[in-house]
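Each remark here refers to the structure printed beneath this line.
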Amino acid sequence: MPRADDARSRRGSTRLGAAKSAVPAPPHYRLYRRLFGAEDMHSHYRWNALLPLVDLDARHTLEVGAGDGRMTFALVDAGLTGEVTAAEPDPVTSHQARETKALWGYENVEIMQERVGDLRALQGAALYDQVLAIDVLEHIEDDVEAMRQIASVIRPGGRLVVSVPTPRYPEVFGRKFHEQIGHVRDGYTLETLTALLTGAGFSVDHVRYYSGRRVAAAAKAFYGSHVPFVLGVLWAPLLRPWLMRSETTVDPEWAVSLAVTARPSNRA
């Protein structure tokens, strides 16, 4: 597998490189991921929506709540060649990220284990040109304090990329699934997310809704119904190209997910 130093040649790829993440995995999962990408259906729509928002030229990137590094490593595969820190509080998933890093030689990625919502060890250093908070704020009770801490580690002129579920998430994915994965709130509207970011000293400069009406219907069948998981992972790749075409313009009323980019408003 190519290493990070020649990943720039693959810039612009929109396929989630999940075959390299979530290690270890049973052989049938590894085969599926190599053929189709992540078996988690929604990961592909998240990836497709967020990749254009990420600055692949950033010298220093922090991903907060990085999980097993699925997004982190996929961004490196897409051409992010600067230094990347993946912060993840869960010891199991952070261990999986370390295994992936060692197995595939992601030399520009550092895995850091942090307590949930606690970046105080980094405060005052203003280390990062870019911070990613991808579907993490809805897991943190004190999201206001989390955003303030994130603001404290962004360099002057740096940027923040945030993705959150909208209040439609529990309806589409099912209340049980929503609670099982640890969401402490139903989601954010653009108004509540903007207020949160503004209160932490950010100014929003780009908004993108994704997971629109068609994707929401497919996600509802995949996650919220009784369709066997094995059948879902088989039909999801067949529907994906058709569903992706519907994501060009997403009506905010139907969107399940919301992404914004923002900059510290009190910095040059």
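The values are calculated or read from the model by the stated rules, or taken from the named source; none is laboratory data. None of the values given here were measured: they were computed from a predicted structure. Here Cβ is always computed from backbone atoms with ideal geometry, including for glycine, and neighbour counts include all displayed protein chains. We work out accessible area using only protein heavy atoms, side chains counted, and drop any ligands, DNA or RNA first. Shrake-Rupley method; radii C 1.70, N 1.55, O 1.52, S 1.80 Å.
Quick check on region 63-90: of everything there that is aliphatic (A, V, I, L, M) and farther than 17 Å from His139 by Cβ, which residue is modelled with the lowest pLDDT?
Ala74
Tell me, which helices (runs of 4 or more DSSP H) lie completely within region 189-268 with 3 or more residues that are open to solvent by less than 50 Å² (accessible area, probe 1.4 Å), among the small types (Gly, Ala, Ser) and at pLDDT 85 or above?
213-219
Here are some conditions: (1) open to solvent by 70 Å² or more (accessible area, probe 1.4 Å); (2) out of contact with any strand residue (DSSP E or B) (no Cβ under 8 Å at 6 or more places or on another chain). Arg155 meets all but one. Which one does it not meet?
(2)
If you go through region 133-140 one residue at a time, do you hit one that is over 30 Å from Pro241 (Cβ atoms), part of a helix (DSSP H, G or I) and open to solvent by 60 Å² or more (accessible area, probe 1.4 Å)?
At the first step, the residues of region 133-140 found to be over 30 Å from Pro241 (Cβ atoms) are 137, 139-140.
Now drop any that are not part of a helix (DSSP H, G or I), which leaves 137, 139.
Still in the list and also open to solvent by 60 Å² or more (accessible area, probe 1.4 Å): 139.
Looking for residues that are over 30 Å from Pro241 (Cβ atoms), part of a helix (DSSP H, G or I) and open to solvent by 60 Å² or more (accessible area, probe 1.4 Å), one finds at least one in region 133-140, hence yes.
Name the pairs whose Cβ atoms lie under 6 Å apart, with the first residue in region 51-62 and open to solvent by 40 Å² or more (accessible area, probe 1.4 Å), the second part of a strand (DSSP E or B), and 6 or more positions between them or separate chains?
These pairs meet every condition: Asp55/Gln130; Arg59/Asp129.
Would you be able to tell me the number of residues in region 158-172 that are crowded, with 24+ Cβ neighbours inside 10 Å and of a type in the set (Asp, Glu)?
Of the residues in region 158-172, 0 are crowded, with 24+ Cβ neighbours inside 10 Å and of a type in the set (Asp, Glu).
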